[in-house]
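The values are calculated or read from the model by the stated rules, or taken from the named source; none is laboratory data. These numbers come from a predicted model, not from an experiment. Cβ sites come from the backbone with ideal geometry, for glycine too, and all protein chains shown count toward neighbours. Accessible surface is based on the protein model in full, side chains and every heavy atom, while ligands, DNA and RNA are left aside. Shrake-Rupley method; radii C 1.70, N 1.55, O 1.52, S 1.80 Å.
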Amino acid sequence: DRYLPLIYPDFACALDYLPEDTVFLLDDGARVQDAVRRLERSWMEEQKRLLDAGLVVGKMTELYLSSSKLYSLFSARNTVITEYLAPQNSDVRLSEIVSVLVKQLPAYGGSVEPLMADVKSYVSSGFGVILVAKSTGRARRLADRLEEEKLYPILDYSGAGLPSPGKVMLTVGDVSGGIEIPSLRLALLPETESERRTVRPKTKGEKVKGARQRIASFTDLKEGDLVVHDTHGIGRFGGIVRIKADGVEKDFIKISYAGSDVLYVPATQLNVISKYLGAAEDATVRLSKLGGADWAKVTSRAKSAAKDLAKKLIDLYARRQRLPGYAFSKDGPWQQEFEENFEYEETEDQLLATAEIKKDMEKPVPMDRLLCGDVGFGKTEVAFRAIMKCVCDGKQAAFLVPTTVLARQHYMNALRRFRGYPVEIAMLSRFTPPKEAEQILKRLKAGSIDVVIGTHKLFGQSVVFKDLGLLVVDEEQRFGVAQKEKLKEIAQNCDVLTLSATPIPRTLNMALAGIRDMSTLEESPKDRHPVATYVLEYDPLVIADAIAKELGRGGQVYYLHNRIDTIYKCAERVAKLAPDARILVAHGRMDQEELGEVMSQMAEGEADILVCTTIIESGIDIPNANTLIVENADQLGLAQLHQLRGRVGRSSRRAYAYLTVQAGRVLTEVQQKRLAAIRDFAEFGAGFKIAMRDLEIRGAGNLLGPEQSGHMLSVGYEMYLRLLEEAVLEEQGKTPEKKTECVVELKVSANIPDTYVPSNVERMDLYRRIAAVESDEDYSDVVDELCDRYGEPPAEVEALLKIAHLRARASKLGITEITDKTGSLCFYMPKPDLQKISIVSSLPEFRGKLLFNAGERPYVALRQRSYNVLAAAEALLSALEKAGTEQN
């Protein structure tokens, strides 16, 4: 799907020149097929527009190679299609299906130790191991480490051979991830996955970047994707193109617009481009026309709509501000002691999120904050700290959860965590006996219960709090619309904290738009590994092998069958796959005692396999259960699958998730994308990525009513949020901060060579990172990461980094353009500071070399006959910065 232009007529012509025995390869054939159909719809829409406008004649449309003709050509030739599931509805006539089991291996979470352990395990099992390093320097360092472990690698930088059984081959190259091929007794492991730099930890109190800015961090841009250029509108991303001009090579981003229009944007200006999000992936989106006034009209209408929405938001804020909120006291001795008694070391993100929540609670207006953190990242502990703060001020707290199993677990954890403090805790669910529930309701009304943990039973008419101060909602997406409306009534005057690993698109919309505040936990706990995730057709032999491996290392297995009517028959099938295993069954129709007994036995290691429904989805914590098998995974939602996978991998042991689909089942496009997303996003912190991907697949929906939806779709999600953010500030009487964008055009070769970073995806990500450099710290971080991952950067990359740094510094000085003209370096300034320029021109190194032109576009020209352009630009910027400091 990255080479969509191939389906234009010239591809059909090219076929005539190829030998009859040419072999065609369709990589990920279902996605190629989907992309071809989408492009065909787009083409036909464009042709209709041109026909209506009288710009083409009807016969012109026949030049287009239709998808049916294209696939008939493939069917008549030698064609190979690769899929991760057996194809069921291919447009190519298949003569044979060859199934090869290839296991995708997970990343190593930033540690080299698990890599060494896996290499040893493969070698001892008689597997050949290929280790792929990014560079010869990194390969040498890895060879030294392998020798320390008594693993003596064969160095083969050509990558042409395969290792013998039980041997390790070390080579240089670029692969996106590790794989295991059991039939060949071969494992391929990418060294970079084990030694990638982790994100620099945030210091306590450091400001987290805005939620809207996260979109750029969590969306992967591929060729063929729709993008939005701030000035020119919606186009199709055509990849990175290297162009030589004035004797220097630079990389540009190619964007195709309506008709045959193409725009080339310097890779250093990637910050003006964002991925188009908004419409569902199967919707048709019209491309903008380059150079016309259409895009300006579209953005103007969207801005007007954003202003209307902003008025509603301001009204919403005003009403919430007028509510009689409670300002909690500053932390007291009990709060400090409670936090110090936590048995684990907190991550920096946990400390920061706790500080943000407590700061909100201390304000005299009701809090509405979303805490987004991946499964197992410590959201519950942050919530407990907020609850302790609430209780210390004599107010009540309610912890609302979606399932009875989770209610029981949170209840047991709360009893353990608040032990030693005079905090009365109760649980209310459908399993609570009527007499006990009646007593709990009376005590809640009287105020003798401090914390109640419960399911939707807390929505009941008979539930009355004496003085509710905090409502914690776990997994809001699990509650229905009516329940959420009831929630608003309950939480009208109290603080609300919502916990979510994968917030649903609407909740994410609201948080990103600024309607709700958001804290995130991105830092993984120590000694955790990502869950190895496999998507495959159900195969009893593979499942039996997976169960045997887990039980063989003394672990336990979750086997998910999401139909209560047939769950006991399923347990019988599982018993045949694992005859010696102790098997239990858990589902939502069991009474409290029976379900509690099953979970206790599982937690205490008295059972090997738990055959269950999605009742285990939220919060179940059994560290010894590290293999998950899901039947009919295509029937579950993306957030659900991610939550279920979070039930394993909660210890330092490697965990496995097998997501199976019924053999021969035809998957819908959405189901395929959902399973691909859960497979691809296996690393830590994937919850936010999955929420963004879910938003991409399903569409952004709307914020406050369907009338806004069309405007969001017309300009894309990110631009709409930007317009909304500006409109909200204007409604509040504030001036939106306008950041000066600086364009740097220097005659310097600035690019990332393929030899330095071979992967297009990684190069694209690095260009985005470099374009986003805003400070000296950002610059240092990117340089350090490049050195760690790829070795010392070559001259072209150094120049690229320096230009990005120049742009950031120049923007802060109000400089909009730096241009290298013959004999002069020109700095354009719409609002020149003459005093500052005067100070700099009097300096010895610039005396007689600096010229100020006060024309229509004011600029300062630095005249020199021969100079290092970058060094000269840096010197002048430094002088201007210093002059500004002296003025202040």
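Computed quantities for the displayed model
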{"item": "In Å², nearest 10: area of Lys442 left accessible to a 1.4 Å probe", "result": "120"}
{"item": "Lys882-Arg286 pseudo-label distance in nm [points 7 Å out on the Cα-to-Cβ vector]", "result": "5.6"}
{"item": "Arg553, Arg286, ranked by accessible area, largest first (probe 1.4 Å)", "result": "Arg286, Arg553"}
{"item": "Rounded, prolate or oblate (a/c below 1.5 giving rounded, otherwise prolate when a/b exceeds b/c) for the stretch 529-621 by Cα gyration tensor", "result": "rounded"}
{"item": "Cβ-Cβ FRET estimate between Leu25 and Glu147, R0 fixed at 35 Å, reported to 0.05", "result": "0.35"}
{"item": "Length gained when the stretch Lys244-Val112 is fully extended (0.36 nm per residue, less Cα-Cα span)", "result": "43.5 nm"}
{"item": "Accessible heavy-atom area order of Trp295, Trp334, highest first, probe of 1.4 Å", "result": "Trp334, Trp295"}
{"item": "Shape category assigned to the stretch 717-817 from the gyration tensor of Cα positions, a/c cut at 1.5", "result": "prolate"}
{"item": "Ser124-Tyr421 pseudo-label distance in nm [points 7 Å out on the Cα-to-Cβ vector]", "result": "4.5"}
{"item": "Net charge contributed by nearby residues that have their C-beta within less than 15 Å of Ser124 (K/R +1, D/E -1)", "result": "+3"}
{"item": "Rounded accessible area per residue of the stretch 569-610, 1.4 Å, Å²", "result": "55"}
{"item": "Potential lengthening between Arg322 and Leu541 on full extension [0.36 nm per residue; Cα-Cα distance subtracted]", "result": "72.5 nm"}
{"item": "Centre separation in Å (Cα based) which lies between the stretch 564-615 and the stretch 395-436", "result": "24"}
{"item": "Fraction of accessible area attributable to carbon and sulfur, the stretch 757-888 (%, probe 1.4 Å)", "result": "48"}
{"item": "FRET efficiency estimate (nearest 0.05) - Cβ-Cβ, Ser448 to Trp334, R0 25 angstrom", "result": "0.85"}
{"item": "Anisotropy class of the stretch 811-886 from Cα gyration tensor, a/c 1.5 cut", "result": "rounded"}
{"item": "Förster radius 22 Å - calculated FRET efficiency between Val100 and Ala76, Cβ distance, rounded to 0.05", "result": "0.30"}
{"item": "Heavy-atom SASA rank of Leu25, Leu309, Leu73 (probe 1.4 Å, accessible area, largest first)", "result": "Leu25, Leu73, Leu309"}
{"item": "Approximate spin-label separation Asn624-Met412, in nm, with each point projected 7 Å along Cα-to-Cβ", "result": "1.3"}
